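Take a look at the structure below.
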Amino acid sequence: MSAKHVNPTRMELTRLKKKLTTARRGHKLLKDKRDELMRQFLEMVRENKVLREKVEVGIRNANQNFVLARAGMSEEALNVALMAPKQEVYLEAETKNVMSVEIPVFHYKTRTSDPGDIYSYGYAFTSSDLDDAVKSLADLLPEMLCLAEREKSCQLMAAEIERTRRRVNALEHVVIPETEQNIRYITMKLDENERSSQTRLMKVKDMMLEQTHKYTSHGDVKILEDES
């Protein structure tokens, strides 16, 4: 908003001063929020990196076990062994608020508590490599869910950091400077109007004195006119 479009009144000046105070307070709060979001985001990114490396190693080991199992079993026997899983997993998703960001929280539970139910086949016609592959994937499930939670949280926090950064920049480089400029403009106009009003009042006073007491003003000296 340009200063030439501002109504130079005392009411508008009061409103702009309140707006400036609010903008400065909001700017400080948003900067603090941005800094805290950045701190938590960087911490979460470091945790995500470590967790991703661990999950990738676990998946690589599970794949190696599946390759060994497939080498020691026929494809038909492997497909039959994995055709009807015995265990079921139920996933529950919640959210928690972190610096006004709703990040996901995952919980899971299995249909039964028996750890042996992850094997949906008998042991007579399968290899131990298949048991190791299934067991490694079952053990990796909590870390995979935690990784998904961390990565989604990082995406949401990155988006919130960008929104907060834009708001901070808008306040710092647009709203606050324009408000300060408008306040200076109104103050200057009010001072100018006050000086003009004071000059007019002095002239009116001189005219009234001249009419009442027949004084003539010459600069700062008042001379009584000759009534004759």
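The values are calculated or read from the model by the stated rules, or taken from the named source; none is laboratory data. If you're wondering where the values come from, they're calculated on a predicted model, not measured in any experiment. Ideal geometry is used to build each Cβ from the backbone, glycine not excepted, and the neighbour counts take in all protein chains shown. The accessibility values were calculated without ligands, DNA or RNA, using every heavy atom of the protein model including side chains. Shrake-Rupley method; radii C 1.70, N 1.55, O 1.52, S 1.80 Å.
What whole-number distance in Å separates the alpha-carbon centres of the range 124-147 and the range 29-47?
When both Cα centres are located, 36 Å separates them.
Taking amide hydrogens as modeled 1.01 Å from N in the peptide plane, which residues meet the under 5 Å criterion relative to E102, leaving out close sequence neighbours?
It is none; the list stays empty.
Quick check: at a probe of 1.4 Å, how many percent of the accessible area of the chain sits on carbon and sulfur atoms?
Within the chain, the accessible surface is 56 percent carbon and sulfur.
Using DSSP to call loops (not H, G, I, E or B), can you name the GluC sites (Glu not before Pro) in the range 1-88 whose Cβ has at most 12 other Cβ atoms within 10 angstrom?
E88
What area, in nm² and to one decimal, does the C-alpha convex hull of the chain cast on average over all directions?
One quarter of the hull surface, i.e. the mean projection, equals 21.8 nm².
To the nearest 10 degrees, how steeply does helix 128-170 sit against the main Cα axis of the chain, on a 0 to 90 scale?
10
Keeping every protein chain present and rolling a 1.4 Å probe, give me the accessible area per residue for the chain in Å².
Counting only protein heavy atoms, the per-residue value for the chain is 69 Å².
Using a Cα distance threshold of under 15 Å, what count of lysine pairs results for the range 74-226 when pairs must be 8 or more residues apart or interchain?
Details: K86/K109; K86/K135; K96/K152; K203/K214; K203/K222; K205/K214; K205/K222; K214/K222.
Final tally of qualifying lysine pairs is 8.
Excluding V67 itself, calculate the net charge of residues whose Cβ lies under 15 Å from the Cβ of V67, where each Lys or Arg counts +1 and each Asp or Glu counts -1.
-2
Where does helix 10-72 land angle-wise versus the long Cα axis of the chain, in degrees 0 to 90, nearest 10?
10
Taking amide hydrogens as modeled 1.01 Å from N in the peptide plane, which residues meet the under 5 Å criterion relative to K86, leaving out close sequence neighbours?
Excluding prolines and chain starts, which carry no amide H, the hits are S120.
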